[in-house]
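> Dumping the structure here so I can ask a few things about it.
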Amino acid sequence: MNAIAVIGAGRIGKIHAANAAGNARLSLKYVVDPYGDAAGLARMHAAQSADVEQVWADPEVAGVVIASSTDTHLDYTLAATRAGKHVFCEKPLDQDVDRALGALKELEEVGPKVLLGFNRRFDPNFSSLRAQLSQGAVGALETLHIISHDPVPPPPAYIKTSGGIFKDMSIHDFDMARWLLDEEIESVFASASVLVDPEIGAAGDFDSAKIILRTVTGKLCVISNSRRSGYGYDQRIEAFGSRGLIRADNVLETTVESWTEPGAKKAPFENFFLDRYADAYRIEMDHFADMVEGKATPLADQHDGVGALLLAQAAEQSARTGSVVALGAGSDQ
């Protein structure tokens, strides 16, 4: 088995630590978090609490999962790859586009591979949708609808450090759009409002947004984002082709339905992203094991991270100015 370290003992770090420990090809050796309960998480999985220097220096560590705060992602990624470790880094690679762009050359040349944590690519429903598109099941793709609505808004304190709705929330949808459209996006138009929580507006952010992406051949993608649905975690994709539609609908807690005189009743949607994408996180970790063993290249790498970040920056600019933002040919799309 290949030894793995997880940096970050928070909510997403706990998910990755459990998946690494439960993977037959990986061995969770270290948990690192100078601010959180690294020791407690390590004990849960028979691992050790350590600092990053110990991780970098250990030749047994083949891969590092970076699940720490966003402002540490790029620095830890660079340090890990310089130490010869493959990296699985949560999104975004960085909140600053210029810093992320500046790191691409080194990350390309240093040797170890980088997997960006766009977990939705690994969701069985979405990956099946993409496979059918690639096989021409509905002809040529023409338009795409992506709906991503959270059940409830996060606390204002989270908003202040999140990077904003486009870099924190919409970035997953930008990555899905890039992955499904499979061609360069030439322009972005976004309209955003504060409709859910005035505190989000007071923190300088939006809580509701509609975004239109246009590719170089004229394909269109509409993204709908809201920090509060009022009815559950709403995750849907519709792909319209020249011969029909492929749709990935919401995942329910169970498939049980009751049919009575007042009508039909179904189970509610999965509660939130940790439940809805539990399978995706496990498959993603298995893909990282493939990378560590040299059997696969990253399904989403640093270039995909920068591509989604550029779209997030363009959407922010468009929402603030009310203008369409054109993307240049060198925009890493």
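The values are calculated or read from the model by the stated rules, or taken from the named source; none is laboratory data. Because the structure is predicted, anything quoted here is derived from the model rather than measured. Note that we place each Cβ from the backbone using ideal geometry, even for glycine, and neighbour counts take in every protein chain shown. Remember, those area values only see protein heavy atoms, side chains included, never the ligands or the DNA or RNA. Shrake-Rupley method; radii C 1.70, N 1.55, O 1.52, S 1.80 Å.
> What residue, of L195, L115, L133, L213, is in a helix (DSSP H, G or I) and in contact (Cβ under 8 Å) with a residue 12 or more places away in the chain?
Details: L195 fails: in a helix (DSSP H, G or I); L115 fails: in a helix (DSSP H, G or I); L213 fails: in a helix (DSSP H, G or I).
It is L133.
> Please find, within segment 295-309, the residue that is nearest to R178 (Cα to Cα) out of those that are touching a strand residue (DSSP E or B) at 6+ places or on another chain (Cβ under 6 Å) and surrounded by fewer than 23 Cβ atoms within 10 Å (Cβ to Cβ). Steps first, please.
Kept after step one, since they are touching a strand residue (DSSP E or B) at 6+ places or on another chain (Cβ under 6 Å), are these residues of segment 295-309: 298, 300-302, 304-305.
Adding the requirement that they be surrounded by fewer than 23 Cβ atoms within 10 Å (Cβ to Cβ) leaves 298, 301.
Details: P298: 15, D301: 13 Å.
Filtering segment 295-309 for residues that are touching a strand residue (DSSP E or B) at 6+ places or on another chain (Cβ under 6 Å) and surrounded by fewer than 23 Cβ atoms within 10 Å (Cβ to Cβ), the one nearest to R178 (Cα to Cα) comes out as D301.
> Taking L181 as the residue in question, decide whether it is open to solvent by 10 Å² or more (accessible area, probe 1.4 Å) and in contact with a strand residue (DSSP E or B) (Cβ under 8 Å, 6 or more places away or on another chain).
Values: open to solvent by 10 Å² or more (accessible area, probe 1.4 Å): no; in contact with a strand residue (DSSP E or B) (Cβ under 8 Å, 6 or more places away or on another chain): yes.
Considered against the rule, which asks whether it is open to solvent by 10 Å² or more (accessible area, probe 1.4 Å) and in contact with a strand residue (DSSP E or B) (Cβ under 8 Å, 6 or more places away or on another chain), L181 comes out as no.
> Sort through T81, T72 and tell me the only one that's open to solvent by less than 10 Å² (accessible area, probe 1.4 Å) and part of a helix (DSSP H, G or I). Walk me through it before giving the result.
Numbers: T72 fails: open to solvent by less than 10 Å² (accessible area, probe 1.4 Å).
Going through T81, T72 in turn, just one is open to solvent by less than 10 Å² (accessible area, probe 1.4 Å) and part of a helix (DSSP H, G or I): T81.
> Give segment 62-114 a look and list any residue that's of a type in the set (S, T, N, Q) and in contact with a strand residue (DSSP E or B) (Cβ under 8 Å, 6 or more places away or on another chain), or say none. Walk me through it before giving the result.
Taking segment 62-114 and keeping what is of a type in the set (S, T, N, Q), we get 68-70, 72, 77, 81, 95.
Answer for segment 62-114, where residues must be of a type in the set (S, T, N, Q) and in contact with a strand residue (DSSP E or B) (Cβ under 8 Å, 6 or more places away or on another chain): S68, T72, T77, T81.
> Out of all the residues in segment 125-135, is one or more closer than 20 Å to D301 by Cβ and open to solvent by less than 10 Å² (accessible area, probe 1.4 Å)?
Yes: segment 125-135 contains one or more residues that are closer than 20 Å to D301 by Cβ and open to solvent by less than 10 Å² (accessible area, probe 1.4 Å).
> So is K14 closer than 30 Å to I159 by Cβ and among the basic types (K, R) or not?
Numbers: closer than 30 Å to I159 by Cβ: yes; among the basic types (K, R): yes.
Considered against the rule, which asks whether it is closer than 30 Å to I159 by Cβ and among the basic types (K, R), K14 comes out as yes.
> Also, I was wondering about something else. Scanning segment 60-71 for residues that are farther than 16 Å from R11 by Cα and at pLDDT 95 or above, which turns out farthest from the chain's Cα centre (by Cα)?
Restricting attention to segment 60-71, the residues satisfying the condition of being farther than 16 Å from R11 by Cα are 60-64, 71.
Okay, now just the ones that are also at pLDDT 95 or above, so 60-64.
Working: E60: 28, V61: 25, A62: 23, G63: 19, V64: 17 Å.
Here the answer is E60.
> Next question. When the residues of segment 248-281 are narrowed to those that are surrounded by 11 or more Cβ atoms within 10 Å (Cβ to Cβ) and assigned to a strand (DSSP E or B), which ends up modelled with the highest pLDDT?
A248
> Right, another one. Sort out which residues of segment 152-170 are surrounded by fewer than 22 Cβ atoms within 10 Å (Cβ to Cβ), touching a residue at least 60 places away in the same chain (Cβ under 8 Å) and hydrophobic (A, V, I, L, M, F, W, C), and write them in order of number.
The one that is surrounded by fewer than 22 Cβ atoms within 10 Å (Cβ to Cβ), touching a residue at least 60 places away in the same chain (Cβ under 8 Å) and hydrophobic (A, V, I, L, M, F, W, C): V152.
> Only one of these is among the polar types (S, T, N, Q), out of contact with any Phe, Trp or Tyr (no Cβ under 6 Å at 6 or more places or on another chain) and open to solvent by less than 20 Å² (accessible area, probe 1.4 Å): S224, S242. Name it.
Details: S242 fails: open to solvent by less than 20 Å² (accessible area, probe 1.4 Å).
Going through S224, S242 in turn, the sole match is S224.
> To continue, here is another question. State yes or no: is R121 open to solvent by 30 Å² or more (accessible area, probe 1.4 Å), charged (D, E, K, R) and outside any strand (DSSP E or B)? I'd like the intermediate steps shown before the answer.
Details: open to solvent by 30 Å² or more (accessible area, probe 1.4 Å): no; charged (D, E, K, R): yes; outside any strand (DSSP E or B): yes.
No; evaluated as a whole, the condition is false for this residue.
> Being part of a helix (DSSP H, G or I), of a type outside the set (K, R) and over 19 Å from R228 (Cα atoms) narrows it down to one of F126, F166, so name that one. First the steps, then the outcome.
Details: F166 fails: over 19 Å from R228 (Cα atoms).
Just one listed residue meets the conditions, F126.
> Now for a different question. Would you call V110 surrounded by fewer than 22 Cβ atoms within 10 Å (Cβ to Cβ), under 28 Å from T81 (Cβ atoms), in contact (Cβ under 8 Å) with a residue 24 or more places away in the chain and in contact with a Ser or Thr (Cβ under 6 Å, 6 or more places away or on another chain)? Give the derivation first.
On the way: surrounded by fewer than 22 Cβ atoms within 10 Å (Cβ to Cβ): yes; under 28 Å from T81 (Cβ atoms): yes; in contact (Cβ under 8 Å) with a residue 24 or more places away in the chain: yes; in contact with a Ser or Thr (Cβ under 6 Å, 6 or more places away or on another chain): yes.
In short, yes.
> Right, here's the next one. Might you check whether a residue that is surrounded by 16 or more Cβ atoms within 10 Å (Cβ to Cβ) and in contact (Cβ under 8 Å) with a residue 40 or more places away in the chain occurs anywhere in segment 26-39?
Yes.
> Checking A239 against (1) more than 18 Å from the chain's Cα centre (by Cα); (2) in contact (Cβ under 8 Å) with a residue 60 or more places away in the chain; (3) outside any strand (DSSP E or B), which test does it fail?
(3)
> If I filter segment 282-293 down to residues being in contact (Cβ under 8 Å) with a residue 40 or more places away in the chain and out of contact with any strand residue (DSSP E or B) (no Cβ under 6 Å at 6 or more places or on another chain), which single residue comes out as surrounded by the fewest Cβ atoms within 10 Å (Cβ to Cβ)? Break it down into steps so the answer makes sense when it comes.
Step one: list which residues in segment 282-293 are in contact (Cβ under 8 Å) with a residue 40 or more places away in the chain, which gives 282-289, 291-293.
From what is left, the residues that are out of contact with any strand residue (DSSP E or B) (no Cβ under 6 Å at 6 or more places or on another chain) are 282-287, 293.
Numbers: R282: 17, I283: 19, E284: 23, M285: 26, D286: 17, H287: 20, E293: 14.
Among those that are in contact (Cβ under 8 Å) with a residue 40 or more places away in the chain and out of contact with any strand residue (DSSP E or B) (no Cβ under 6 Å at 6 or more places or on another chain), it is E293.
> Could you check how many residues of segment 84-101 are open to solvent by 60 Å² or more (accessible area, probe 1.4 Å) and not in a loop (DSSP other than H, G, I, E, B)? Steps first, please.
Kept after step one, since they are open to solvent by 60 Å² or more (accessible area, probe 1.4 Å), are these residues of segment 84-101: 95-96, 98-99, 101.
The next check asks that each one be not in a loop (DSSP other than H, G, I, E, B); those that pass are 98-99, 101.
Number satisfying all stated conditions: 3.
> Do we have A62 as in contact with a His (Cβ under 7 Å, 6 or more places away or on another chain) and either in a loop (DSSP other than H, G, I, E, B) or among the small types (G, A, S) (or both) here? Quick ask: steps written out before the conclusion?
Values: in contact with a His (Cβ under 7 Å, 6 or more places away or on another chain): yes; either in a loop (DSSP other than H, G, I, E, B) or among the small types (G, A, S) (or both): yes.
So A62 fits the description; yes.
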